[in-house]
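Structure first, commentary second.
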Amino acid sequence: MGNYNIENVYRGGYSSFTPNYGDVFTGYRVPASSLGAPTNPFTANQIAEVNKLLNQGIIPIEVGTIKPEDFEGIPKQHFKEIKQMAKLTGAKVSLHSPLIEASGMGEHGWSEANRQAAEYQLKDVIEKAHELDARGNIPITIHSANIPGTEYKMTPEGRKIEKLGAINQETGQMTSIKEEVRYYPERRAMLGELKPGVEEKIHRGEIKELKEEHYQEIPLEKGKIISPESQINMLNNSEWDNSVSQLLFQKERADEILQQNAPQIKHLLKELAERKMTREELNEYLNEAPAQRQAYNHFLNSQEYLKDVEEHLSSLFSKAYKYGSQEQKKYLTEIRNNYQKQLDAVQNDPLEQSQAVQNLIHQLKTPALAPEVYVPVTDFAMKESAKTFGNIAFDSFKKFGDKAPVISIENLYPGYAFSTGEEMDKLILSSKKQFVENAIKDGRSKSEAEKYADKLIGLTFDVGHLNIHRKHGFSEEDLRKEFEVMSKHIKHVHLTDNFGSYDSHLPPGMGNVPFKQYFEELKKRGYKGETIVEAGGFAKSFERSPY
């Protein structure tokens, strides 16, 4: 009657007459078949957890535990049984790896043994994921890192580092460095930015060399802000300078002995060289000449001091070369060649040999040669984690071929390494590079290696983790740019809502994450994977299914 159609009146949502489906509607609709849920990650009884989700009619299901020991507690038969359950019900299973630090960093620092152990554990995770896999290419979400990283703050000038995790590459020990305000007694140390107009004069060629008068002096009461990056440089420079300076003090004792006894020592060494005595003849000669014996003992003492200095100097040279840049290594090679020439020219003159050591110490003492022993944790972890991810992905490819599980690395929130789009982009590209290198060594073509690297290594995009950058001043536009950098790598998606401060794990629509914006962008990029709603916080607090 009256052209009314009953089925169009009721919209099946929060309110029959509200097109937006109420306050929790995110503004974007997805098929129920692509919206999934994770199992309870705090139990090894994953088979029972899968059954609970299947009873709710959920199709995409993510299996996994947080603790590695819980994951180890899952019987191998359960993985096959879950696969059978998924086949019978049409469920699509993915896997969330337990928290395993791929870089090899741990509570007591970093070691290659730890990295290899992590690689072994992750290979076991892949084996078990393959047992779950009824379709091929099951996505395995692995945390990019479980270690402190770089914290960024958005300022009017752009993104800047607020806090930096640093690692001593030599010892593997980690430390945290924050932005700091310092007050210096000397005027030069309180110089800040360039004065207005100086940059323009530099571009016009009116200023050839920057001097103190070109910089603005910072009022003492304001203090000078020292960035975490500057502090790492200062730490490397000061440690290097102290190490080299200590050798100068040790060498002074050798010089003191040589200079006080120079005439006697020179006379003795000349006589010994002319006579070419055996050890027995030398002892007999010294027993008959007490003055010569004393000179010889002074000579031996000075040589012991010099030998100790040279051993420590060799160790420092090795450190400088090992952790130095290509430019530094080039300069160190020149220093080494010159040092060897000096030693060859003064073989029988201890005073000249000591001078050669002195010259080497002063050449190494320059700040330009200070090696980067301390580096940002994220930079260090980038290399080690990429090695692990590339290795496990290629190992999986060798075993399972085209059906190998997909290594999907998850972006983390501020405070952890790899929390930004730029860092995640570098990590995934570095992991793919490692995969390709392994494949080429195994006899594959570069094109084939790159094809499978792109297919089997990607990113799990966690929208809630990205949203937590809001508390550091990131706007929605800033977050969109971060997403833009990550988007080309996305293989899997985790949905969780929050208010930009904590990883509170609310269902979509209950916080301030702009889900519609992300979904629309994903659709443009042709994303066809599943989305897992990680809303364990809501389920625990309110004892209701987020689904």
Per residue of the chain, what 222 nm ellipticity follows from adding -39500 (n - 2.57) for every DSSP H run with n ≥ 4, rounded to the nearest 500?
-16500 deg cm²/dmol
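Working out 0.36 nm times the residue gap between residue 116 and residue 301, then minus their Cα-Cα distance, what length gain in nm do you get to one decimal?
Numbers: separation 185, 0.36 × 185 = 66.60 nm, distance 4.66 nm.
Gain in length upon complete extension: 61.9 nm.
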Run the simple label-point estimate for residue 322 and residue 248 please: 7 Å along Cα→C-beta, distance reported in nm.
2.5 nm
For residue 94, list long-range residues whose amide hydrogen, built 1.01 Å from N in the peptide plane, is under 5 Å from its own amide hydrogen.
61, 62, 63
Cα axis of helix 350-364 to longest principal axis of the chain: angle in degrees, 0 to 90, nearest 10?
30 degrees
Report, in degrees rounded to the nearest 10, the 0 to 90 angle that the Cα long axis of helix 76-89 makes with the longest principal axis of the chain.
30 degrees
Based on the mean of other Cβ atoms within 10 Å per residue, sort peptides 402-415, 371-384, 189-202 so the most packed one is first.
402-415, 371-384, 189-202
If we sort 305-311, 463-469 on the protection proxy, mean other Cβ atoms within 10 Å, highest first, what's the order?
463-469, 305-311
Relative to the chain, whose Cα atoms define the longest principal axis, helix 446-456 and its Cα axis are tilted in degrees, nearest 10, by 50 degrees
4 °C / 1.567 mPa s Stokes-Einstein diffusion coefficient of segment 378-465, Kirkwood radius on C-alpha pairs, µm²/s
99 µm²/s
For residue 459, list long-range residues whose amide hydrogen, built 1.01 Å from N in the peptide plane, is under 5 Å from its own amide hydrogen.
409, 490, 491, 492
Near-label residues of segment 165-207 by backbone N, under 20 Å of a point 7 Å along Cα→Cβ of residue 222:
179-200
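Roughly how many Å² is the accessible area per residue of the chain, as a whole number, for a 1.4 Å probe?
54 Å²
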Dipole of the chain (Lys/Arg Cβ +1, Asp/Glu Cβ -1, origin at the Cα centre): which of 527, 247, 333 lies farthest to the positive side?
527
Cα-based reach from residue 67 at 18 Å (exclusive), listing aspartates and glutamates while leaving out same-chain residues under 8 positions away:
49, 101, 107, 119, 124, 127, 410, 534
Highest mean first, how do 314-327, 476-489 rank when packing is the count of other Cβ atoms within 10 Å averaged over residues?
476-489, 314-327
Can you tell me which lysines have their Cα less than 18 Å from the Cα of residue 251? Leave out same-chain residues fewer than eight positions away.
307, 365
Would you mind listing how long segment 403-451 runs along its three principal axes, going by Cα atoms, in whole Å with the largest first?
41, 21, 13
Near residue 195, which lysines are there with a Cα under 23 Å away, not counting those fewer than 8 places off in the same chain?
160, 208, 211, 222, 224
Checked against the structure, the computed Cα Rg over 2.2 N^0.38 Å among [x] 1.00; [y] 1.21; [z] 1.36 is the one labelled [z]
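The values are calculated or read from the model by the stated rules, or taken from the named source; none is laboratory data. Computed from a prediction, not measured in an experiment: that's the story for all the values here. All Cβ positions, even for glycine, are placed from backbone atoms using ideal geometry, and neighbour counts span all protein chains on display. The protein model used for the area step is the full one, side chains on, heavy atoms only, and it has no ligands, DNA or RNA in it. Shrake-Rupley method; radii C 1.70, N 1.55, O 1.52, S 1.80 Å.
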